[in-house]
Amino acid sequence: MRVKEDNALFFFKLMFFPSRYNLFIFFPTYYFLVIFGHDGQKPLELRTEEDADCNEWVEAIQQASYSDLIIEREVLMQKYIHLVQITETEKVAANQLRTQLEDQDTEIERLKAEVKQFTLQHPPIRNENKANFSSVQSQLTDVLINVQSFMRGWLCRRKWKIIVQDYICSPHAESMRKRNQIVFNMVEAETEYVLQLSILVNCFLRPLRMAASSKKPPITHDDVSSIFLNSETIMFLHEIFHQGLKARIANWPTLVLADLFDILLPMLNIYQEFVRNHQYSLQVLANCKQNRDFDKLLKQYEANAACEDRMLETFLTYPMFQIPRYIITLHELLAHTPHEHVERKSLEFAKSKLEELSKMMHDEVSDTENIRKNLAIERMIVEGCDILLDTSQTFVRQGSLIQLPSVEKGKLSKVRLGSLSLRKEAERQCFLFTKHFLICTRTSGGKLHLLKGGRLSLIECALIEELDANNAAGQGFNRLEFKIVVEPADGPSFAVVLLAPSRQEKAAWTSDMSQCIDNIRCNGLMTSVFEDNSKVTVPHMIKSDARLHKDDVDICFSKTLNSCKVPQIRYASVERLLERLTDLRFLSIDFLNTFLHTYRIFTTAAVVMDKLSDIYKKPFTSIPVRLECQSPDSSRCAVSPASAFAIATAAAGHSSPQGFTNPEKSYDKEFLIRRAATNRVLNVLRHWVSKHSQDFEMNAELTTAVIALLEEVLRDSDLLPQERKAAANILRWRTCYLSVRLSVKSLGVECFESLSAMELAEQITLLDHIVFWNIPYEEFLGQGWMKTDKNERTPYIMKTSQHFNNMSNLVASQIMAPADVSSRATSIEKWLAVADICRCLNNYNGVLEITSALNRSAIYRLKKTWAKVCKQTKALMDRLQKIVSSEGRFKNLRETLKNCNPPCVPYLGMYLTDLAFIEEGTPNFTEEGLVNFSKMRMISHIIREIRQFQQAPYRIDLQPKVTQFLLDKTLVMDEDTLYELSLKIEPRLPPAN
């Protein structure tokens, strides 16, 4: 298009805008044309008289934003709708009041008519009495006016009371109450977080800065900066945020939060720097702890009362969990924020931005979980343990085992062992790592003492899972013992015999320990194999296979190495995860545990089983890399590095007389790789069957497939003796574990008064552990307990929750049952004694069952009853409540669990909160469809801790009379009945005048 003016030709300038219109400007005439983006709208041609006016209009239109106008319009529309709703409500109320007034006017007219009728029916009043009559009539009129005024006021108040009550019961009011409660909880959590940051800065950062400036500094300023980075800045940021929250609370009930998050979001780059530095921070801290002066100084700082026995690593990790906590809070706020609410879009935007940072945080927390676990264990050992300061040392499992006396002349002392098995001195707290096995004793204060000779290097160990018949027979241990033979390079060999509490616990310990020993030996064998058969060394073999460390479209690696010195997987496709599971070169124990705990999230048992079957039948498919090697024997050429390691793996753990008896087969590449593939399949199946037996109890097809594969393995004529024994053991283990089912025969009913506190505590502990033990690990995946069909998805978790509520209701009902005050006070004292015994038995679920019952409003309000309770009992209750308090994400309970020996019954709700915390923070799959394996690793850590407590049984005999009393639902009152009875016992006091 062009415009001609004064016989001169000018081209127009075209300008595009991202909004709803385009703009054309014509020069030199003062016309400009506005073309709208939608169909049916004619262009708008405008003209100005002066050039300056034209430029101003054009500039104003250029700066205009249709989207801003739309947002402003939506805000105004929301306010308009809100005002319309208020107006409509007021109209309805006005109409109702108008109807009431009309009814009252009708009533007044009726009363006037009655007065008139009454006047007509009575004789006229004499003149002398007219004055008196007028006075009486005036008084009656005043009374009538007062009555009418009172009635109008009463009706108005009654009507407004109905309106207010209707609003209080409305869904909108309920949603607002929940929203306000979420905000109040958020303020409390923010107060706690600011306090934690203050302790980090004031008790650690600033004192260490001063120590670094001393004449003999135990730490350098660079190390202080590396450990804490911008912690002080984060503290200042959240102090500002906390002050803003408190200011919003001061304006209650108007709670506007979106602008606070708008202030917080631009500062998230501070958190990003802290997150990226977190792993390096813990590594620097571990290195600094090797300096005795620094370690001593740090212990002094951690002894500060404000730290509450928490370590520096704990405070450094708190910021990593804060952003996911904000996400959960925003998620709950949005659930109770109407779609037309003016803050909703701002809250959704803040949630999306925080989720982006949370993904990175979850990855870093997952990568550093092992370092923090090792440092926590090292700090609990009084003597210290420098091997745990090695950041490549991976934690595998921990638990209580009984150490039996050493073997003398091939036999065990029956009398001596019989006494030791019942003595506390024989109990050991054991820790298994990928390179070492630690044997400790635990003091009453929770600290650990490393036994002399209790630090075993696994490279020097040999595991004997089944002792000889002449050693084990007649000892009454039900084949629960296993032996570790240690052959140190600088000393005589010795043996350690340990007794597991159950067959399942023994299988878990021996399978993990065997895998760790195999990994160490295979690393050494792999080195020797390559030295003899190839120019490629082990590190070069790992580096030459880019699939083990280089990111690709179907995999992403972390910078943290696993127990096999290979980068951990952060994200990967299902195919790559299965490939890693069946890679013959190595099998990381931490990867295997994570995979078996979480595979149900991203695949099925049938797919995993098919992959194992394929590897056994086609072992060469598990060797992804082919590299030529040099050898004088041409028949041994074309052996890849992976094949060479497969040869070493097949021979790992087998002595030469029982291993390859045929010298020709020892050079048969196909035979050796088949042995390696068989060994790998049996290793995976051993872990799967021994530690995850519930998978097979609930899946008959999977059981059939495993049996068929093992039977096929046993038919192999070339099977090694160790492999044949391993396959037979797996078949035997498959039938060893059955779920516990509690059945109580009907006996005479006991009453509460006839049962001792010890009997009640022991049987409560036994029942709680049986219910807790029966929860299958797959119910902890996917937050099934929060879904609408939770009873079908997670029946055992729901049974645990129901059992908790039933026990709490029973305690409350037994306290409320007595009619007199003294009996109720005695009942409270007895139940608190039961709770204290539960604490001694490490049943913290039982402690919370009883304390939650005592804190119910129906019992807590009984002031006369509590006045009869002695001060010592009240102090005991305060101590118990402090242990199981939910403050700081159950920080006191976590610390207590860390320092206790199993068996133990933890509070399940704490772990469910942790799992929900992880699930809300990051998805199972990336946008590219890759499995978020960092998240799987975090879930596996929590499930591993839960199963550690599940697998350690209590040695408590079942007492049917007591358990029948505890499970008798006829003794239980519901919440409404309890409160009605409470009001009957102690009625509400009348309000003071």
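The values are calculated or read from the model by the stated rules, or taken from the named source; none is laboratory data. If you're wondering where the values come from, they're calculated on a predicted model, not measured in any experiment. We place every Cβ from the backbone using ideal geometry, glycine too, and count neighbours over all the protein chains shown. Keep in mind that these areas ignore ligands, DNA and RNA; they rest on the heavy atoms of the full protein, side chains included. Shrake-Rupley method; radii C 1.70, N 1.55, O 1.52, S 1.80 Å.
Worth pointing out:
- Exactly one residue out of Glu49, Glu59, Glu74, Glu90 is among the acidic types (Asp, Glu), part of a helix (DSSP H, G or I), over 30 Å from Lys161 (Cβ atoms) and open to solvent by 80 Å² or more (accessible area, probe 1.4 Å), and it is Glu59.
- Against the list (1) open to solvent by less than 20 Å² (accessible area, probe 1.4 Å); (2) in contact (Cβ under 8 Å) with a residue 40 or more places away in the chain, the condition Val847 fails is (2).
- Inside region 702-738, residues that are open to solvent by 40 Å² or more (accessible area, probe 1.4 Å), outside any helix (DSSP H, G or I) and either modelled with pLDDT under 85 or not assigned by the TED database to the domain that holds Ile673 (or both) make up a count of 6.
- Just one of the listed residues (Val931, Val962) is among the β-branched types (Val, Ile, Thr) and in contact with a Lys or Arg (Cβ under 9 Å, 6 or more places away or on another chain), namely Val931.
- Count of region 568-595 residues which are within 25 Å of the chain's Cα centre (by Cα) and either farther than 18 Å from Ser392 by Cβ or not polar (S, T, N, Q) (or both): 12
- Candidate set from region 318-336 (those that are open to solvent by 10 Å² or more (accessible area, probe 1.4 Å) and of a type outside the set (A, V, I, L, M)); member that is nearest to Leu83 (Cα to Cα): His336
- Filtered residues of region 394-407 (kept if in a loop (DSSP other than H, G, I, E, B) and either surrounded by fewer than 20 Cβ atoms within 10 Å (Cβ to Cβ) or modelled with pLDDT of 85 or more (or both)): Pro405, Ser406, Val407
- Restricting the first member to region 441-452 and to residues that are open to solvent by 50 Å² or more (accessible area, probe 1.4 Å), and the second to residues that are part of a loop (DSSP other than H, G, I, E, B), the beta-carbon pairs closer than 6 Å and six or more apart or on different chains are Lys447/Val382; His449/Val382.
- Counted residues, region 213-235 - those being β-branched (Val, Ile, Thr), assigned to a loop (DSSP other than H, G, I, E, B) and within 16 Å of Gln272 (Cα to Cα): 0
- Taken together, Met151, Met186 contain a single residue that is of a type in the set (A, V, I, L, M), in a helix (DSSP H, G or I) and either free of Cβ contacts under 8 Å to residues at least 24 places away in the same chain or assigned by the TED database to the domain that holds Leu312 (or both), which is Met186.
- Taken over region 563-587, the criterion of being at pLDDT below 80, farther than 25 Å from Asp614 by Cα and either outside the structural domain of Ala677 (by the TED database) or surrounded by fewer than 22 Cβ atoms within 10 Å (Cβ to Cβ) (or both) is satisfied by Lys565 alone.
- Condition check for Glu174: open to solvent by less than 80 Å² (accessible area, probe 1.4 Å) and either modelled with pLDDT of 80 or more or within 60 Å of the chain's Cα centre (by Cα) (or both): yes
- Considering residues of region 455-512 that are polar (S, T, N, Q) and open to solvent by less than 40 Å² (accessible area, probe 1.4 Å) only, the residue modelled with the highest pLDDT: Ser457
- Scanning region 602-619 turns up one or more residues that are part of a loop (DSSP other than H, G, I, E, B), at pLDDT 50 or above, within 32 Å of the chain's Cα centre (by Cα) and surrounded by fewer than 23 Cβ atoms within 10 Å (Cβ to Cβ).
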